[in-house]
Each structure stands twice: as structure tokens, then as C-alpha cells.
């Protein structure tokens, strides 16, 4: 799988900019969404190669959205990497059980993020 297009879902504009800068500087195309509704619209517009998902968001949280995406046949093959401030082992395990392929805690290390994305390819 060649990863070129990334969807970042996070309610923090600062975090969106930070992650987008990392990805763009590594030659990836980035789209963003600030909540679950926006994320679902972006998925309908164009299917990304990978999704970076925050957990703590207003409305539907990242665990719920990950589960929803993972259970939707046309999107189930999109790898999701949780990028969240929730650092407990139980949160990581729960995120993976919802369908995430990997789990990073904030602040996200740029090198580690890119290694995890490349590992999906």
C-alpha cells in the first residue's frame, strides 16, 4: 500500500496544524476534520490512505468514530492511528479493540509518527 493521502481528525486547530506540517514536510497530502461529522463528510469526498484520530472530541469521540469507520465495509480497510492525550494502557487497548491499527500519545513525536505510517505501507 502506497500512503499518500492522510485525514487528520482532531478538534484542536493547533494539533491539526502540527500534525499537518509533519505530514506535508514528508511529502504527504493532508485533509483535516475537527469532529466526527466533518470526518465522515471527508471520507465520502475521498477515501484517505490512513486516518490520524484524536479521542477526546465534542460529540462522537474518537473511539466511537473509529469503531463506526471500522464497521463500515467501504472504509473498513483504512488504517487508523489514534493520536491522543489519553495515555493509559486501558485506553490504548480499547482503541485497538475499536479497530485502530496503532496508538500514539500526545505530544506526538514526528519521527515515531512517520515510522508508524511507513510501517502500514
- Query: Would you say residue 58 is within 22 Å of residue 14 (Cα to Cα) and in a loop (DSSP other than H, G, I, E, B)?
  - Reply: yes
- For region 58-73, how many residues meet the condition of being within 19 Å of residue 23 (Cβ to Cβ) and surrounded by fewer than 18 Cβ atoms within 10 Å (Cβ to Cβ)? 0
- Picking from 43, 16, which residue would you name as being crowded, with 19+ Cβ neighbours inside 10 Å, touching a residue at least 24 places away in the same chain (Cβ under 8 Å) and part of a helix (DSSP H, G or I)? 43
- Message: Suppose we filter region 83-108 for residues that are in contact with a helix residue (DSSP H, G or I) (Cβ under 9 Å, 6 or more places away or on another chain), surrounded by 12 or more Cβ atoms within 10 Å (Cβ to Cβ) and assigned to a loop (DSSP other than H, G, I, E, B); how many remain?
- Response: 7
- Task: For residue 51, state whether it is closer than 24 Å to residue 119 by Cβ, in a helix (DSSP H, G or I) and touching a residue at least 24 places away in the same chain (Cβ under 8 Å).
- Result: no
- If you check 119, 76, which single one turns out to be in a loop (DSSP other than H, G, I, E, B) and surrounded by fewer than 17 Cβ atoms within 10 Å (Cβ to Cβ)? 76
- Message: Just to verify a result, which residue in region 19-36, among those that are more than 12 Å from the chain's Cα centre (by Cα) and not in a helix (DSSP H, G or I), is surrounded by the fewest Cβ atoms within 10 Å (Cβ to Cβ)?
- Response: 27
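Read-outs throughout are calculated quantities, based only on the coordinates presented, and are distinct from any laboratory measurement. The model shown is predicted, which means the values in this text are computed figures rather than measured ones. No Cβ is skipped: glycine too gets one built from the backbone with ideal geometry, and neighbour counts run over all protein chains shown.
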